[in-house]
Amino acid sequence: MYTTLIDAPSLQRLIADRQPLALFDCSFDLFDASAGSRQYEEVHIPGARYAHLDSLLSEKSPEQPRASGGRHPLPSREAFALRMRELGLTRGTQVVVYDRQGANYCGRLWWMLQWCGHQAVAVLDGGLQAWQAAGLPTEAGPGPQPAQVPGDFEASPLPGAPVVGALDLRASVGSPRLTIIDARAPARYRGETEPLDPVAGHIPGALNRPFGDNLGPDGRFKSPELLHQEFSALLGHRDPAGVIHHCGSGVSAVPNVLAMAVAGWGITALFPGSWSEWCDTPGAVFARG
């Protein structure tokens, strides 16, 4: 069972051995919501389905229950489980997710499945580029037909990945037991620019670790040893168990969650509403610099 990362040759072996496998392409562009589906139809790994950030991995309808706020609200765990059943996902299936954007978007599906208690989910290390660099086959077009028979996927009774809400976080800011890690670019963290949300800045006391810092020059995640060293340097004396990750809308923070898991700390907490929800939280405080 792969639970964090899988490399391209290992994925190819799973496919060749006809192991139970669900493969998802999560490519996306925050500034062009149709770009990812176009990229998918141009080229994808054979058998992969497309997972759209807005329609599958978020709940954009205000009339439906949501598990978070922000620009990409989480659907309820039950609603998400239903969506995955409709795609044919079964509880015993190994899931592999990938994108073209440095695990920025596929990490969301990895985290959501972990959140629902499905541990057998891994990110393709290096994404589509690593698959192509290995000379492995691709295809074009709309991808697999809709599932004829629903799967039996269910969310576990308790979340399999820790979540922190805006009000709980607001009440805890400044606690020595809490360490907030902000995955946004340094200029956004410092409040020098804000292209997406109504307020610039960061949560007071948050540390900055841009999500791209987890990748090496080849686009793959750094070694567990190097990731452990870098996060240890960032945290200093702080307890890794008290880490809460966030970004702009709960998407690009996930590579930091994944990197800490790869480094040996397990799945640390996520504030899924992130900065976009924090901006709308009454009594929330802001910092710059």
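The values are calculated or read from the model by the stated rules, or taken from the named source; none is laboratory data. Every value quoted in this text rests on a predicted model; they were computed, and no experiment measured them. Neighbour counts run over all protein chains shown; Cβ positions are idealised from the backbone, glycine included. These accessible areas exclude ligands, DNA and RNA; they are computed on the full protein's heavy atoms, side chains included. Shrake-Rupley method; radii C 1.70, N 1.55, O 1.52, S 1.80 Å.
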Residue by residue through region 132-163, note down the ones that are β-branched (Val, Ile, Thr) and either more than 22 Å from the chain's Cα centre (by Cα) or surrounded by fewer than 15 Cβ atoms within 10 Å (Cβ to Cβ) (or both). 138, 149
From the residues in region 18-45 that are open to solvent by less than 50 Å² (accessible area, probe 1.4 Å) and in a loop (DSSP other than H, G, I, E, B), which one is modelled with the lowest pLDDT? 33
Determine the pairs where a residue that is closer than 15 Å to residue 96 by Cα and of a type in the set (Phe, Trp, Tyr), located within region 29-57, has a partner that is open to solvent by 20 Å² or more (accessible area, probe 1.4 Å) and at pLDDT 95 or above with Cβ atoms under 7 Å apart, the partner being 6 or more residues away or on another chain. 50/37
So residue 212 passes all but one of these: (1) surrounded by fewer than 17 Cβ atoms within 10 Å (Cβ to Cβ); (2) free of Cβ contacts under 8 Å to residues at least 60 places away in the same chain; (3) under 18 Å from the mean Cα position of the chain (by Cα). Which condition number does it fail? (2)
Could you tell me whether region 77-94 includes any residue that is open to solvent by 40 Å² or more (accessible area, probe 1.4 Å) and modelled with pLDDT under 95? yes
Restricting to region 60-76, name every residue that is in a loop (DSSP other than H, G, I, E, B) and surrounded by fewer than 21 Cβ atoms within 10 Å (Cβ to Cβ). 60, 61, 62, 63, 64, 65, 67, 71, 76
How many residues are in a loop (DSSP other than H, G, I, E, B) and under 18 Å from residue 138 (Cβ atoms) if we restrict to region 46-59? 4
Given the conditions (1) touching a residue at least 40 places away in the same chain (Cβ under 8 Å); (2) more than 18 Å from the chain's Cα centre (by Cα), report the number of the one that residue 23 does not fulfil. (2)
So how many residues does region 215-271 have that are without any contact (Cβ under 8 Å) to a residue 60 or more places away in the chain, in contact with a Pro (Cβ under 8 Å, 6 or more places away or on another chain) and surrounded by 16 or more Cβ atoms within 10 Å (Cβ to Cβ)? 4
Yes or no: region 104-126 includes at least one residue that is of a type in the set (A, V, I, L, M), touching a residue at least 60 places away in the same chain (Cβ under 8 Å) and over 21 Å from residue 211 (Cβ atoms). yes
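One line per residue, one yes/no per condition, for (1) within 19 Å of residue 7 (Cβ to Cβ); (2) in contact with a Lys or Arg (Cβ under 7 Å, 6 or more places away or on another chain); (3) not in a helix (DSSP H, G or I):
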site: 132; (1), (2), (3): yes, no, no
site: 135; (1), (2), (3): yes, no, yes
site: 142; (1), (2), (3): no, no, yes
site: 146; (1), (2), (3): no, no, yes
site: 153; (1), (2), (3): no, yes, yes
site: 157; (1), (2), (3): no, no, yes
site: 176; (1), (2), (3): no, no, yes
